[in-house]
């Protein structure tokens, strides 16, 4: 397993270097401003605000547009804005496919809406590996949405790797919650 992680980390680092990924620049900005990066709405714990997700008051930050009541209905897949992943995986779990599809349908029918797909990883593995894994998770969600009619201009991919855990802890319970992509509406 260690060989696979090392190989994957090296491969992902090479990809990031050759593509000029901006995720690491944004991560550095977020770290240097102690969580006040606009893409994370200033929450130091790395989670996105409820207003980004359409919960709470129903408005999204940045654009001033209102998200519909379906975002606060717990029976509607749009109310779920976190997609969780297995360890060392960027494949969207089957149980989250309907959630991604619901967001894709919403975005396709609202072409002026924009989301940030923020990828995260648990604390295991190197920082480079986790940044690459968080990006691959975000890109998996992006590909699914794009295949369902969402335009590239509506989606922004960001990776925070292990730097912004939603739960502190060094056990499987915490790690499960930190392996995620957050769908943040703007």
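Here are a few things to note about the model shown:
- Between residue 167 and residue 153, the modelled label-to-label distance comes to 4.0 nm, taking each label 7 Å out from Cα in the direction of the beta carbon.
- Projected onto their three principal axes, the Cα atoms of the stretch 63-144 cover extents of 40, 26, 20 Å, largest first.
- Packing-based exposure ordering (other Cβ within 10 Å, fewest first) of 156, 135, 95, 162: 95, 156, 162, 135
- Annotation: extensible slack from residue 128 through residue 87 equals 13.2 nm (criterion: 0.36 nm per residue apart, minus Cα-Cα distance).
- Principal axis box of the stretch 143-186, alpha-carbon based, largest edge first, Å: 39, 17, 15
The numbers here are math on the coordinates, done by the rules we state, and not lab data. From a predicted model like this one, the values you see are computed outputs, not experimental measurements. Reconstructed Cβ throughout: ideal geometry from the backbone, glycine too, with neighbour counts over all protein chains shown.
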